[in-house]
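All remarks here apply to the structure that follows.
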């Protein structure tokens, strides 16, 4: 399934954009008291979770390549994988919770602020996932043409 590993660098940017956009629309929906922004936030959360599923799937396929290239940095990979899984499951749980609350028509008042704080925690997980993934690329050359040419020369 090495085929899917090549998609990881392309796929990961979608959940990042959707989940950060979700937080922004959630915040704007509360501040501006606009229902359509709240509904758009809910949609972005859904799309972000779908994108995160794709990112985690392709990332698992890319994991083998990273271990082959840089066995010494397995800890960095494990931390990236941990935060990626936390991000996926955290936002999936938030999606279920938010959908339930919206379905019950209880997404008002303090509940909105609690969901917003929970979304902010999720943004931290997105940041940490990206931080660790970025280190793998920029400090260890994972997935770059330079690293591939370097390996071929050896």
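The values are calculated or read from the model by the stated rules, or taken from the named source; none is laboratory data. All values reported here derive from a predicted model rather than from experimental measurement. Note that each Cβ is placed from the backbone with ideal geometry, even for glycine, and that neighbours are counted across all protein chains shown.
Could you say whether any residue in region 49-62 is over 15 Å from residue 26 (Cα atoms), modelled with pLDDT under 85, assigned to a helix (DSSP H, G or I) and more than 13 Å from the chain's Cα centre (by Cα)? Scanning region 49-62 turns up at least one residue that is over 15 Å from residue 26 (Cα atoms), modelled with pLDDT under 85, assigned to a helix (DSSP H, G or I) and more than 13 Å from the chain's Cα centre (by Cα). Can you tell me which residue is surrounded by the fewest Cβ atoms within 10 Å (Cβ to Cβ) among those in region 85-127 that are in contact (Cβ under 8 Å) with a residue 12 or more places away in the chain and farther than 22 Å from residue 50 by Cα? Filtering region 85-127 for residues that are in contact (Cβ under 8 Å) with a residue 12 or more places away in the chain and farther than 22 Å from residue 50 by Cα, the one surrounded by the fewest Cβ atoms within 10 Å (Cβ to Cβ) comes out as 113. Checking each residue in region 24-49 for being in contact (Cβ under 8 Å) with a residue 24 or more places away in the chain, within 30 Å of residue 76 (Cα to Cα) and surrounded by fewer than 20 Cβ atoms within 10 Å (Cβ to Cβ) picks out 46, 47.
Could you list, in sequence order, all residues of region 127-150 that are over 15 Å from residue 9 (Cα atoms) and modelled with pLDDT of 95 or more? Across region 127-150, the qualifying residues are 127, 128. Against the conditions (1) at pLDDT 95 or above; (2) out of contact with any helix residue (DSSP H, G or I) (no Cβ under 9 Å at 6 or more places or on another chain); (3) not in a loop (DSSP other than H, G, I, E, B), residue 72 satisfies every one except (1).
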